[in-house]
1. Given the condition buried (at least 21 other Cβ atoms within 10 Å of the Cβ), over 22 Å from residue 63 (Cα atoms) and within 16 Å of the chain's Cα centre (by Cα), answer yes or no: does some residue in the stretch 255-273 qualify?
2. Can you name the condition, by its number, that residue 236 falls short on among (1) surrounded by fewer than 22 Cβ atoms within 10 Å (Cβ to Cβ); (2) out of contact with any strand residue (DSSP E or B) (no Cβ under 7 Å at 6 or more places or on another chain)?
3. Taking only the stretch 210-265 into account, find how many residues are assigned to a strand (DSSP E or B) and either under 19 Å from residue 51 (Cα atoms) or modelled with pLDDT under 95 (or both).
4. In this structure, does residue 178 turn out to be on the phi > 0 side of the Ramachandran plot and surrounded by 15 or more Cβ atoms within 10 Å (Cβ to Cβ)?
5. Taking only the stretch 137-157 into account, find how many residues are touching a residue at least 40 places away in the same chain (Cβ under 8 Å) and surrounded by 15 or more Cβ atoms within 10 Å (Cβ to Cβ).
6. Pick out the one residue from 187, 219, 173 that is without any contact (Cβ under 8 Å) to a residue 12 or more places away in the chain, within 19 Å of the chain's Cα centre (by Cα) and surrounded by fewer than 17 Cβ atoms within 10 Å (Cβ to Cβ).
7. Might you check whether a residue that is under 18 Å from residue 95 (Cβ atoms) and surrounded by fewer than 21 Cβ atoms within 10 Å (Cβ to Cβ) occurs anywhere in the stretch 204-211?
């Protein structure tokens, strides 16, 4: 998937900075002299992050019709961070903070926002408006193999070292045990957010946990369930009523400048925050980054 919006790219000489400098770019951007015309801003990351970036890129391009972006199929958090480190990307969107090793390689990461971590099921079956913790625990621990009067439960798992798997484990001790057990019983493992979402869309009886960004990107593609009676809205997340969320980090390398810095300023602005909210992300950047 390649989105290209034309804009004369600007000087992007890279210098080593940390997260504080990235925040400074987001809050105190000054336009620099254009150069290297038409060089695209290359963005990739976790599946939820790519969907979020698509919405932000489209909004930015309406005000900057010359903009050029290269937004491909999701590489996942770690894949995008590696590509950024090698100079193949300008922005990596990650569902995890940087490791000490990655920070030591000149990468700078800052939490951009949080999206509710939600339960989704296939549109056709099961027809569940709400799911309780006890039901999830039964599914993950293999005590429930079929839906009531319906098809086999198709639990879509993520790799054991994936952020979504770690978030699922943290939901309860029973879920922690269930994740380990489920990887011994269920054969369906989706590598990325996008893969998991597509599997749920196409598989009757399927269920998974995922960031809200994905189901909001295609509202009628899957069923979004309340968890323990609480709707997974940004309002409920902000108030603490909905307790489960997935972090989204913006990662860059060196000193962002020119078109790249302009775009980073946009996503931190009130307009960018509004776009993110419509996409299912509660922006957590400090107020100065507006």
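1. No: the stretch 255-273 contains no residue that is buried (at least 21 other Cβ atoms within 10 Å of the Cβ), over 22 Å from residue 63 (Cα atoms) and within 16 Å of the chain's Cα centre (by Cα).
2. Of (1) surrounded by fewer than 22 Cβ atoms within 10 Å (Cβ to Cβ); (2) out of contact with any strand residue (DSSP E or B) (no Cβ under 7 Å at 6 or more places or on another chain), only one is false for residue 236: (2).
3. 13
4. For residue 178, the condition - on the phi > 0 side of the Ramachandran plot and surrounded by 15 or more Cβ atoms within 10 Å (Cβ to Cβ) - is not met.
5. 12
6. 219
7. No, that holds for no residue.
Yes or no, residue by residue, for (1) closer than 19 Å to residue 215 by Cα; (2) modelled with pLDDT of 95 or more:
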{"site": "33", "(1), (2)": "no, no"}
{"site": "47", "(1), (2)": "yes, no"}
{"site": "69", "(1), (2)": "no, yes"}
{"site": "91", "(1), (2)": "no, yes"}
{"site": "105", "(1), (2)": "no, no"}
{"site": "108", "(1), (2)": "no, yes"}
{"site": "115", "(1), (2)": "yes, yes"}
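The values are calculated or read from the model by the stated rules, or taken from the named source; none is laboratory data. All values reported here derive from a predicted model rather than from experimental measurement. Here Cβ is always computed from backbone atoms with ideal geometry, including for glycine, and neighbour counts include all displayed protein chains.
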